[in-house]
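One structure below.
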Amino acid sequence: MRYLSRVVQFCLCIGLAALACCGPASGNPALPAPPKKIVSLSPAVTEILYELGLGDRVIADTAFCNYPADAMNKEKVGDFFTVNEEKIIWLEPDLVIDTTSMAHKAMWRRLNRAGIPVVDFDVNTMEGVYGAYVEIGKAAGVEEKARELVDSLKGQLAAIRDRCASAATRPRVMFFVEYPNLTVVGKGTFIDRLITDAGCENAVTQAGWQQNFPKELVAEMKPDIIIHAVDGSMLTARYAKEIRDSWADAANVPAVAEGRIFIVNGDTTTRPGPRIVIGWSEIARLVHPELYEQE
Amino acid sequence: MIETRDIYFSYDGANVIDGVSFRVEDGEFVGVVGPNGSGKTTLLKLLTKVLRPDSGSISIKGKEMARISSRELARMIAVVPQESNVLFPFTVREIVLMGRYPHMGALSFERREDMEIAEEMMRTTDVARFAERLISEVSGGEKQRVIIARALAQEPAAMLLDEPTAFLDIKHQIDVHELLKSLNEKRGMTILCISHDLNLAARYCKRLILLDRGRIAADGTPTEVLTPENISRVFGVNAVVQRHPSSGAPVVLPETRSELD
Amino acid sequence: MKALNSRRWIITVAVMAIALAVLMFFAQFVGAKYVSPANFFRGMTHAETVVLVQYHLPRVLVAALVGAALAVCGAVFQGILRNPLADPFILGISGGGTVGAVFAVAAGAEVVVFGFSTVTVFAFIGSLGALALVVAFSKIRGTVATHNLILAGVVLNAIFSAAILFMMSIMPFVEMRSIYQWLMGSLYNAIALEPPQIGVAAVIVFVGALLLLAMAKSMNLFALGEETARQMGVRAERTRLACLILTAILTGVAVSITGPIGFVGLIVPHIMRLLVGPDHRILLPASFFGGAIFLLVADSVARSVLPLTGLSLSELPVGVATALCGGPFFLWLLRARSRRAIFGK
């Protein structure tokens, strides 16, 4: 009897699954032209969409999409790690834009099967950001504007690079992206290149991000400047003071002795995206104030 | 019915059973007595295939123990342990019915025949009125009778009991032994009963086997076995042995140290 | 309660099976947004069909399977180990599974077997490995003693926990976050399963449960004491080993798909014991269906209560839902049925 009921249930399952399979087959459905209901799963993409003037077509984004202010009012379908797929389907978007990630592939397949096209960009590099601008611009019919913005970004970043190239000294910098579990940025990363562009030298020789970096090692590396990148939402004067005070016991570090500990907004300095210029021109001013004296 | 030939057994080196041979015929009521550590419980475990002798042989109804499966053995011999710790809330009837398992297939339910046998055994041991009560709710004496009913439900040819009345009061001790006696006399049940109570064993058992450090020190009628010499030698206690005024069975009266002085 | 007979067995099993089928049908309509069952007959929108079939149906099926497997294993362990506080994870099986899963992510392996993800495959291997270790370490003189088993299981769990914490501390944050949901135990992972995988899991769970049911009488006898069970014809060694292997497989399947979900395996057998009695011939099937229904309901609550009330868009961890659903119900049942105690003593 129990066996029988199970068999019936299993047949039900097969039947409904067959129903689903009769729908759109696997493979990315064609992109709509132009997309009118966009879901963004990446803060960088959200900023790009707004820059391109497509902000009103965004129907949902992630909890981390906090810029511009209007993005915070949108429907939220996830945070950086978990995505509520069901909610996306209920919203019936005609395009979902995501960051390139192996882990998300299964989700894209499921969304495709639901008839929703998914496009992904590797927005972990500036090249990826430029590519995203252009592709989105093409799909939405604002390719001109996209290319203008890309050129402008490239130009501004080049300007910072050129100005800092003329600096007399190249201070040693250690760039921390987490507190209190110190995670420092190493060689070969996107931030590492920006450090170089800003006329500095990354004191950390290991590659990639180094988690749980011990404070004793910091003294050995003798950085002239310590930079802490903090989440935009957590950046308060009190928090900044707390972080600065935490270095008080490391007086033998040059950066501490000279008081060159800078707390900056992580949103504009660690995320590849439109505002990267804002963040890094601020950093350039902090590390090479002599180059900006005239202004 | 039960026969052991020269069995030896040790747990870890020292022999706990050190050359035991005896024969129990159908219908006998035998008591096994001896001091702590003399091997009584080990002997019981050997007779029920829980342990295997290091050497020697045991045969039940003429068949070698090694060739008898556990299930078959359970149909021939039923064991009543000293104490039963039933973990889950089974009723008395459910416990007694478990005695029928050796007669049932793995996937079958109790048949009407099984229910009737269980009912009869509960009546015999006078626990029928508790049939629907939880085993945890009956008294110690009643619980032992339930376990005996369960053993009876196995319809064995022989019953082995390990100090069945160790934790019972005097009335229940007598009740249980009277029950055993009637089973032995009316149904011809072979009974082998381990006991610490020399007097009760002497009163009810027709034959006593006295164990001493893994060997049989004496084997015969209670009068033959329970002599002051044997008691002193095996138990290390001085005792006076008298005759029970009504039954004539030997009564062992140990003398304490203060009395000896 | 009258003694068990075949008629009572059939009726109980049939009632529970039907209840499960009905609940499984209606559970599909529960989710981040409520879909009216009436739509099922009137015709659903495309979005509704997709959500139901792709997201709810697999979860409902897997919840039933995992709940059934865990509850049956819990009942078996309580009987065989003679311990009312035993649950399927007591011998370190979930610990081994978690070690396997974390290792798979930390090592960045990509091994897909018959459509089951890497994490699932490694977790299953880890579960079986844990059982092998527990059995190996608890043998004295060639036989496995129950108290040794439990002790070895507790110690192994501790070792596994340490190993897991170590691996997680050296793993990059992003990778750790990716199996965070699995580690907490969640039916979310069920949506990655296609019908063939669900079918395979169903067959394993079913066959395993039936094989365990065949040993129900021996489990009853274990309640009288291991020695008594032996003396009544149970091959204790063989029975115990068979039960351990089967429960390891069933628990392994459950844990490897959803991560370790606690409480089900412990509490459902006790609830069913209060409702249908301790005879394992009825307790095992009752636990099977009871566990399925329990986890089904708990998961339905877990995935809908937060989005529906607007508190958050993520799900409640199913372990929270099982505790919230099961705990109070069990306490109430205990009071209402105070006649039948949980423990024999």
Looking across the stretch C:161-194 at residues that are assigned to a helix (DSSP H, G or I) and free of Cβ contacts under 8 Å to residues at least 60 places away in the same chain, the single one that is nearest to the other protein chains (Cβ to nearest Cβ) is C:ARG177
Residues of the stretch A:157-187 being out of contact with any strand residue (DSSP E or B) (no Cβ under 8 Å at 6 or more places or on another chain) and either more than 18 Å from A:LEU286 (Cβ to Cβ) or free of Cβ contacts under 8 Å to residues at least 24 places away in the same chain (or both), which ones? A:ALA158, A:ALA159, A:ASP162, A:THR169, A:GLU178, A:PRO180, A:ASN181
Hey, A:THR189 among the β-branched types (Val, Ile, Thr), over 23 Å from the mean Cα position of the chain (by Cα) and modelled with pLDDT under 85 or not: no
Quick test of your reading of the structure: A:ALA229 fulfils all but one of (1) in a helix (DSSP H, G or I); (2) buried (at least 21 other Cβ atoms within 10 Å of the Cβ). Name the failing condition by number. (1)
Out of C:ALA17, C:ALA38, report the one residue that is out of contact with any Asp or Glu (no Cβ under 6 Å at 6 or more places or on another chain) and more than 9 Å from chain A (Cβ to nearest Cβ). C:ALA38
Take the stretch B:154-196 and flag every residue that is part of a loop (DSSP other than H, G, I, E, B) and over 21 Å from B:LYS61 (Cβ atoms). B:GLU163, B:PRO164, B:THR165, B:ALA166, B:PHE167, B:LEU168, B:ASP169, B:SER195, B:HIS196
So if I check each of C:LEU212, C:LEU131, C:LEU156, which one is at pLDDT 90 or above and either in a strand (DSSP E or B) or touching a Cys at 6+ places or on another chain (Cβ under 7 Å) (or both)? C:LEU212
What residue, among those in the stretch C:215-232 that are hydrophobic (A, V, I, L, M, F, W, C) and not in a helix (DSSP H, G or I), is nearest to the chain's Cα centre (by Cα)? C:MET215
Qualifying positions in the stretch C:280-310 - more than 13 Å from chain A (Cβ to nearest Cβ) and more than 23 Å from C:GLY259 (Cβ to Cβ): C:HIS280, C:ARG281, C:LEU283, C:THR309
Regarding the stretch C:24-36, can at least one residue be identified that is surrounded by 16 or more Cβ atoms within 10 Å (Cβ to Cβ), assigned to a helix (DSSP H, G or I) and aliphatic (A, V, I, L, M)? yes
Those residues of the stretch A:79-95 which are closer than 25 Å to C:MET176 by Cα, more than 7 Å from chain C (Cβ to nearest Cβ) and either in a loop (DSSP other than H, G, I, E, B) or touching a Phe, Trp or Tyr at 6+ places or on another chain (Cβ under 9 Å) (or both), in sequence order: A:ASP79, A:PHE80
In this structure, is B:MET115 part of a helix (DSSP H, G or I), within 13 Å of chain C (Cβ to nearest Cβ) and without any contact (Cβ under 8 Å) to a residue 24 or more places away in the chain? yes
Listing of helices (runs of 4 or more DSSP H) fully contained in the stretch A:99-214 that carry 2 or more residues being among the polar types (S, T, N, Q): A:143-165
Matching residues in the stretch B:28-75 (part of a loop (DSSP other than H, G, I, E, B), touching a Lys or Arg at 6+ places or on another chain (Cβ under 6 Å) and within 14 Å of chain C (Cβ to nearest Cβ)) number 2
Inter-residue pairs, beta-carbon under 8 Å, first in the same structural domain as A:THR46 (by TED's automatic domain parsing) and in the stretch A:260-289, second part of a helix (DSSP H, G or I), 6+ apart: none
Using the structure shown, decide if B:LEU180 is buried (at least 20 other Cβ atoms within 10 Å of the Cβ) and under 17 Å from B:SER38 (Cα atoms). no
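The values are calculated or read from the model by the stated rules, or taken from the named source; none is laboratory data. Model, not experiment: these values are computed from the prediction. In this analysis, Cβ positions are derived from the backbone assuming ideal geometry, glycine residues included, and neighbour counts consider all displayed protein chains.
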